[in-house]
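The values are calculated or read from the model by the stated rules, or taken from the named source; none is laboratory data. Here the structure is a predicted model, which means the values were calculated and not measured. Because the Cβ atoms are built from the backbone with ideal geometry, glycine has one as well, and the counts that use them run over all protein chains shown.
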Amino acid sequence: MKKLSILLLLVCISFSANAQTAEELKKEQAPKKAQIAKLQGEVKALQAKIDALPGWRKGAFGTIGASLSGFNNWYARTAPNTAAGNIGITVNGFANLIEEDFFWRNSGTINLGWVKFDDKDDPSDSDKFETATDVFTISSLYGRRLNKKWAISALGEYRTTLLDNFNDPGYLDFGAGATWTPTSHLVVVIHPGNYNFVFSSGESVFESSLGAKIVADYTNKYKGLSVKSNLSMFQSYKDGDLSNWTWTNSFGYTIWKGIGLGFELGLRNNKQEALNNALIDNPAETFATVDNKLQSYWLFGLSYAF
């Protein structure tokens with residue numbers, strides 16, 4: 001009994017000592033946290049000054065997503081012998097020249113994806129990877145400043161596919177107007193004078209027209225998170241059926257030495273593309289009858305920040 005009392009006493013003393021030590025450590029930790037917060041604020045202020053300096057700003061980040069699977073004599077499946085795969089790659093890059101009197105902003109986006117589903121028991125089934133996602137966009141914006149936030153500007157933007165039907169269709173927007181830059185990360189283009197050139201081969205429903213162009217682009221980095229969101233809209237003055245818009249959102253979170261997780265989501269509305277696709281199965285389709293559904297794609301996988 002005496003030994004048990006001594007043991008309990010030692011435990012209580014040890015607990016008291018540890019609690020006291022933890023309290024002391026917390027007191028030492030508090031001022032250090034305050035110092036770190038102060039230093040982080042100073043670093044952020046210095047970075048803002050660096051970002052405001054004239055010169056080039058360049059950057060890029062991308063995402064790779066892949067999954068592969070195979071089944072042999074897996075009888076629970078309708079097709080017991082199959083091989084399947086999904087591969088996607090996306091890259092977002094920019095090179096911007098920022099000066100006191102003018103700016104020149106250039107950006108590019110590539111998103112490519114392939115899928116495969118091979119039923120080994122079906123001789124007519126393809127064993128190759130087929131194109132799933134195919135997006136290519138480049139743009140160049142030049143602006144002459146009126147003040148810190150507004151500029152007279154000209155924009156050239158080209159959109160097409162790379163793997164399938166290159167430049168068929170292809171869209172080239174060229175126009176002029178004004179650009180608003182409320183912050184170094186947000187650019188809003190408002191061009192009431194814009195011509196939307198549409199390139200296609202043979203007889204097609206695609207038609208070029210004059211209209212207004214609006215682009216909103218947001219690019220920023222929050223610690224390890226890279227964000228890019230781009231909305232590109234064209235409103236035709238000739239016919240609303242010739243209008244279109246595309247909205248892409250890319251996120252990359254760095255975990256270790258530039259490697260992390262990435263996610264991209266793209267949305268598009270384009271009635272000319274919807275009608276062109278519908279005519280493959282139904283030659284009687286028209287702009288009035290076509291079901292213009294929202295187009296979308298997404299990709300999730302490993303990312304790398306350059």
(message) Taking the conditions exactly as written (closer than 24 Å to Y218 by Cβ and under 24 Å from the mean Cα position of the chain (by Cα)), does I152 satisfy them or not?
(response) no
(message) Restricting to the stretch 242-276, count the residues that are free of Cβ contacts under 8 Å to residues at least 60 places away in the same chain and either on the phi > 0 side of the Ramachandran plot or polar (S, T, N, Q) (or both).
(response) 7
(request) Just one of (1) farther than 19 Å from G108 by Cβ; (2) surrounded by fewer than 20 Cβ atoms within 10 Å (Cβ to Cβ) trips up F251, so point out which. (result) (1)
(request) Could you list all residues from the stretch 149-175 that are in a strand (DSSP E or B) and surrounded by fewer than 16 Cβ atoms within 10 Å (Cβ to Cβ)? (result) W150, I152, G156
(message) Can you tell me which of (1) surrounded by 10 or more Cβ atoms within 10 Å (Cβ to Cβ); (2) outside the structural domain of L299 (by TED's automatic domain parsing); (3) at pLDDT below 75 is the one S5 doesn't meet?
(response) (1)
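Of the residues N96, N92, N81, which is surrounded by 14 or more Cβ atoms within 10 Å (Cβ to Cβ), closer than 16 Å to K221 by Cα and at pLDDT 90 or above? Please lay out each step first, then the result.
Details: N92 fails: at pLDDT 90 or above; N81 fails: closer than 16 Å to K221 by Cα.
When all the criteria are applied, what remains is N96.
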(message) Just the residues that are part of a strand (DSSP E or B), in contact (Cβ under 8 Å) with a residue 40 or more places away in the chain and closer than 16 Å to S236 by Cα, please, taken from the stretch 190-224.
(response) N194, N196, V198, K213, V215
(message) Going by what's in this entry, would T109 be described as farther than 18 Å from H185 by Cβ and of a type in the set (V, I, T)?
(response) no
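Being in contact with a strand residue (DSSP E or B) (Cβ under 7 Å, 6 or more places away or on another chain) and either free of Cβ contacts under 8 Å to residues at least 12 places away in the same chain or part of a strand (DSSP E or B) (or both) is true for just one of K116, K128. Which residue is that? Break it down into steps so the answer makes sense when it comes.
Working: K128 fails: either free of Cβ contacts under 8 Å to residues at least 12 places away in the same chain or part of a strand (DSSP E or B) (or both).
None of the other options fit; the residue is K116.
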(request) Could you tell me whether any residue of the stretch 59-76 is assigned by TED's automatic domain parsing to the domain that holds T181, of a type in the set (S, T, N, Q), under 23 Å from K228 (Cβ atoms) and in a strand (DSSP E or B)? (result) yes
